[in-house]
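Notes follow once the structure below has been shown.
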Amino acid sequence: MKLNLRILIFLILLLGVHKAHGSNWSFIVISDIHIYASGAIPSKFKTMVNYIVNKRPDIVFITGDHTSGNIGDPYSLDHINMWYDQLDKALDPIYKAGIIVIPTVGNHDFYEKYNQIAYKKWALKTLKKFNNTLKLDLSNPLYFNFHYKKQEFFIMKFWTFLFSKEQRNWFESKTNKKPESYRFAFGHVPLKSIRGRTTQSFYKSVLESFTKGNVEIYFSGHEHMHWDEFLPSANSSRELRQLTVGTTSGTYNHPIRSQVRDVYCEGNQICQSPATNRRFLIESRNGKDGYQVNRQNFVEVIFKDSLTYEIKSYSIDSSLNLIDFYID
């Protein structure tokens, strides 16, 4: 019996896609887009979006600071809502590719009343797009969890250095049993800062809950630099991996704190990642040392099966080519 030509072509394409990707799947983490107060999208973010779409991840996590809101901003609610309309336009290639987008609140998204109203409205609208797939609890778009391909994901309300009792009790109630595979957590601020002071009470309380709850990696933003290290816990034999992903748009960057450079860097040219032992480039800028040369970043986590994954760190060079963040 002869197959209909259209059906035959469809089967060939389907088999080709399956062969190309096998059982692999991935998620990508981006951060600190910082749409300008005018509503303009940083041009290099658009470039990064195209590269992200070409990677074909299942999910894109955004670890906060979608906008550039500040304390005392005079902007109306309509104006702030416009920022998110512009953000949706910038993310449209990701939406059209069928990629799930999961937002996390950042400090510049949440300072003032209108910032909070606009962010929660946009986050809820975004999460509703993927509710049929993820079965999300949409009662709270600021912190929630979900399962995907045997992995557990926790979105945390860490827009500032505060782990509220309510959120801690919620997290611990969701993690009181051992996970089937891995747990990943996402928040805006890091537990341990690489460019400034670490808030010790926040660091200790979150680290205790995360290690007790078997979190594999905590992904953060805020620092505007890419940094990867293991955080030892005083109350557990486990270490928590903290991976700060950097800024996807590179609108501005911060230098590594001098005390950290003294340990992990060679002069003002090369640093070594504590978690990977891989090296990356730094430079002087604006009279200060320790700026990362490759300043626009995103991170890709690729699963070969439910217990095997690898992490890749990307940047773009001055010619807007996608490159490895590390030099070896």
Subject >> Condition broken by residue 184, with the remaining ones in (1) surrounded by fewer than 19 Cβ atoms within 10 Å (Cβ to Cβ); (2) out of contact with any helix residue (DSSP H, G or I) (no Cβ under 9 Å at 6 or more places or on another chain); (3) in contact (Cβ under 8 Å) with a residue 24 or more places away in the chain satisfied >> reply: (1)
Subject >> Residue satisfying all of: in the range 285-323; under 17 Å from the mean Cα position of the chain (by Cα) and of a type in the set (D, E, K, R); farthest from residue 245 (Cα to Cα) among these >> reply: 310
**OP:** Take the range 118-168 and flag every residue that is more than 19 Å from the chain's Cα centre (by Cα), farther than 27 Å from residue 96 by Cβ and among the acidic types (Asp, Glu).
**Re:** 166
**OP:** Select from the range 282-303 the residues that are touching a Lys or Arg at 6+ places or on another chain (Cβ under 9 Å), of a type outside the set (Asp, Glu) and under 20 Å from residue 259 (Cβ atoms) and write down the one among them that is surrounded by the fewest Cβ atoms within 10 Å (Cβ to Cβ).
**Re:** 291
**OP:** Would you point out the residue of the range 126-140, among those that are of a type in the set (Ser, Thr, Tyr) and touching a strand residue (DSSP E or B) at 6+ places or on another chain (Cβ under 7 Å), that is surrounded by the most Cβ atoms within 10 Å (Cβ to Cβ)?
**Re:** 126
Original post:
If you go through the range 46-84 one residue at a time, how many are over 21 Å from residue 301 (Cβ atoms), among the acidic types (Asp, Glu) and touching a residue at least 40 places away in the same chain (Cβ under 8 Å)?
Top reply: 1
Original post:
Failed condition for residue 110, given (1) loosely packed, with under 14 Cβ neighbours inside 10 Å; (2) touching a residue at least 24 places away in the same chain (Cβ under 8 Å), with all others met?
Top reply: (1)
Original post:
Which numbered condition trips up residue 314, out of (1) in contact with a Lys or Arg (Cβ under 7 Å, 6 or more places away or on another chain); (2) within 19 Å of residue 55 (Cβ to Cβ)?
Top reply: (1)
Subject >> Residues of the range 235-267 satisfying the condition of being more than 17 Å from residue 315 (Cβ to Cβ), exposed (fewer than 14 other Cβ atoms within 10 Å of the Cβ) and not small (Gly, Ala, Ser) >> reply: 235, 259, 262, 263, 266
Original post:
How many of the residues in the range 141-180 are surrounded by 15 or more Cβ atoms within 10 Å (Cβ to Cβ) and modelled with pLDDT under 95?
Top reply: 1
Original post:
Which of the residues belonging to the range 192-214 are touching a Lys or Arg at 6+ places or on another chain (Cβ under 9 Å) and under 19 Å from residue 165 (Cβ atoms)?
Top reply: 203, 205, 206, 207, 209, 210, 211, 212, 213
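Listed here are the residues, each with its yes/no results for (1) surrounded by 10 or more Cβ atoms within 10 Å (Cβ to Cβ); (2) among the aliphatic types (A, V, I, L, M); (3) modelled with pLDDT of 95 or more.
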{"position": "16", "(1), (2), (3)": "yes, no, no"}
{"position": "19", "(1), (2), (3)": "no, no, no"}
{"position": "29", "(1), (2), (3)": "yes, yes, yes"}
{"position": "33", "(1), (2), (3)": "yes, yes, yes"}
{"position": "50", "(1), (2), (3)": "yes, no, yes"}
{"position": "55", "(1), (2), (3)": "yes, no, yes"}
Original post:
Does residue 123 satisfy being of a type in the set (Gly, Ala, Ser), under 30 Å from residue 179 (Cβ atoms) and surrounded by fewer than 16 Cβ atoms within 10 Å (Cβ to Cβ)?
Top reply: no
**OP:** Of the numbered conditions (1) surrounded by 18 or more Cβ atoms within 10 Å (Cβ to Cβ); (2) at pLDDT 95 or above, residue 270 fails exactly one; give the number of that condition.
**Re:** (1)
Original post:
Got at least one residue in the range 308-315 being touching an Asp or Glu at 6+ places or on another chain (Cβ under 8 Å) and under 16 Å from residue 195 (Cα atoms)?
Top reply: no
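The values are calculated or read from the model by the stated rules, or taken from the named source; none is laboratory data. Just so it is clear, the model here is predicted, and its values are computed rather than measured. So basically every Cβ, Gly included, is an ideal-geometry build from the backbone, and we count neighbours across all protein chains shown.
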